[in-house]
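Each remark here refers to the structure printed beneath this line.
The values are calculated or read from the model by the stated rules, or taken from the named source; none is laboratory data. The shown structure was predicted, so the numbers you read here are calculated from the model rather than taken from an experiment. Because the Cβ atoms are built from the backbone with ideal geometry, glycine has one as well, and the counts that use them run over all protein chains shown. For the accessible areas, the whole protein counts, side chains as well, though only heavy atoms, and no ligand, DNA or RNA atoms are used. Shrake-Rupley method; radii C 1.70, N 1.55, O 1.52, S 1.80 Å.
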Amino acid sequence: SAEASTASTTEASVLASLFGAVSGRDRSDWQFDADQYKWIAAQTGPLQVDAFCDSEGRNMQPGCTEYWHAADSALNRSWAGRRVWMNPPYEYDMLDKVLEHAVLSHASSPTDTTIVGVVPLWHGRKHMRWLRYFTELRRYPAGTTLYTAAMHDGERVAMGPTQWPVAAIALLPAVCTH
């Protein structure tokens with residue numbers, strides 16, 4: 001629709017301005033704040049796979065032992081039976097596909113699958129329909145500094161405050177009672 005196209009274009013221009021906020025940086029590398037990640041992992045237990053890393057895994061979260069990247073797409077893999085961290089690209093259709101994949105993976109193996117991540121709270125957008133299946137662990141208001149990126153020399157720099165709220169969400173293992 002024209003409305004979705006306009007919204008997507010607006011988000012793309014906001015993201016482009018953020019991408020360009022720090023020159024000389026690797027644009028494929030966004031990492032969620034390490035201290036906030038540690039807090040989330042303390043609530044959910046350790047995570048093993050970082051599902052949306054750069055091609056070399058430089059932005060893999062601490063404690064994860066495996067990473068997936070664009071050429072090794074998380075959407076082409078089963079997340080069932082795994083403990084997955086997701087910080088997916090904040091793109092209109094991608095968010096919807098990622099959250100759907102997460103919910104279906106968890107549903108296929110609910111007692112041994114943990115999926116944890118962060119997503120933007122863009123109300124009225126398609127991906128928001130999937131959030132009812134997740135537990136919200138924490139909500140970060142717009143204006144919170146949550147992301148770092150790698151400069152070409154490898155140094156990580158803060159990317160500045162978000163322009164929208166972000167939620168830390170989780171699909172935790174179901175408890176069987178027999």
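Multiply the residue gap between Leu131 and Thr111 by 0.36 nm, knock off their C-alpha separation, and tell me the result in nm, one decimal place.
Working: separation 20, 0.36 × 20 = 7.20 nm, distance 1.94 nm.
Stretched fully, the Leu131-Thr111 segment lengthens by 5.3 nm.
With the charge dipole of segment 38-108 set up from +1 on Lys and Arg Cβ and -1 on Asp and Glu Cβ about the Cα centre, the Cα lying farthest toward the positive end among the listed residues Ser105, Tyr67, Gln48 is that of Gln48. On segment 54-125, 48 percent of the accessible area sits on carbon and sulfur atoms, based on a 1.4 Å probe. Averaged per residue, segment 43-174 has 45 square angstrom of accessible surface, using a 1.4 angstrom probe with ligands and nucleic acids left out. Between amide H atoms placed 1.01 Å from N, distances below 5 Å from Leu137 occur with Ala168, Ile169, Ala170, all of them 5 or more places distant or on a separate chain. Among DSSP beta bridges lying fully in segment 38-178, give the percent that are antiparallel, nearest 5. Approximately 60 percent, going by the DSSP bridge assignments.
Modelled spin labels at Asp35 and Ala70, positioned 7 Å past Cα toward Cβ, are 3.2 nm from each other. Packing around the peptides 53-61, 41-49, taken as the average count of other Cβ atoms within 10 Å per residue, puts them in this order, highest first: 53-61, 41-49. Were the residues from Ala158 through Gln48 laid out at 0.36 nm apart, the gain over their Cα-Cα distance would be 37.1 nm. Taking amide H positions as modeled 1.01 Å from N, with prolines and chain starts lacking one, the residues under 5 Å from Thr145 and 5 or more places away or on another chain are Thr162.
Backbone phi angles across segment 147-157, fed through the Karplus curve with coefficients 6.51, -1.76 and 1.60 (θ = phi - 60°), yield HN-Hα couplings of 10, 10, 9, 8, 7, 4, 7, x, 5, 8, 10 Hz in residue order; Gly and Pro are listed as x.
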